[in-house]
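The values are calculated or read from the model by the stated rules, or taken from the named source; none is laboratory data. Quantities reported herein were computed from a predicted structural model and do not represent experimental measurements. In this analysis, Cβ positions are derived from the backbone assuming ideal geometry, glycine residues included, and neighbour counts consider all displayed protein chains. To get the accessible areas, we keep the full protein, side chains included, count just its heavy atoms, and leave off ligands, DNA and RNA. Shrake-Rupley method; radii C 1.70, N 1.55, O 1.52, S 1.80 Å.
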Amino acid sequence: MRWRLDARSNLKRVELDALTAIYDRRSGMTHLLADPMPDLIDALAEGEADEAMILDRLGIEAAGEADRAGLRDRLAELEAVGLAVRL
């Protein structure tokens with residue numbers, strides 16, 4: 001399975017101490033994200049990728065099933081709010 005940012009999204013990012021505000025100009029929604037979500041957005045911004053490529057972009061080596069399951073959960077959350085697309 002591959003993932004990418006929603007191509008229709010036009011994101012503006014503002015760092016707010018421990019949180020990151022992501023404003024999606026397309027939808028008019030603002031998302032407040034905590035770690036690791038901003039890093040995941042950055043990894044997806046590099047282009048379409050599968051789980052292994054995303055983990056590599058995040059600098060996670062020798063990922064176990066718990067890491068992969070966590071990644072799938074976070075990607076599903078981004079998909080649910082319209083920021084990521086499952087291909």
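GluC sites (Glu not before Pro), restricted to region 12-56: which are DSSP loop and have at most 14 other Cβ atoms within 10 Å?
On the way: sites: Glu15, Glu46, Glu48, Glu51; in loops: Glu46, Glu48.
Listed in order of number, the matching sites are Glu46, Glu48.
Once the Cα atoms of helix 65-80 and of the chain are each reduced to a long axis, what angle between those two axes, in degrees from 0 to 90 to the nearest 10, is obtained?
Taking Cα atoms only, the helix is inclined about 20 degrees.
Hey, can you find the accessible area per residue of the chain for me, probe 1.4 Å, expressed in square angstrom?
59 Å²
Tally Lys and Arg at +1 and Asp and Glu at -1 over the other residues with C-beta under 14 Å from the C-beta of Val85: what net charge comes out?
Here the count lands on -1.
Nearest 0.05, what FRET efficiency do Val14 and Asp67 give at R0 = 25 Å with Cβ-Cβ as r?
FRET efficiency, Val14 to Asp67: 0.30.
Could you list log10 I(q)/I(0) for region 1-58 at q = 0.13 Å⁻¹, which the Debye formula gives when each Cα is one point scatterer?
For region 1-58 at q = 0.13 Å⁻¹, log10 I(q)/I(0) is -0.34.
What FRET efficiency comes out for the pair Arg25/Glu79, r = Cβ-Cβ distance, R0 = 22 Å, nearest 0.05?
Rounded to the nearest 0.05, the efficiency is 0.70.
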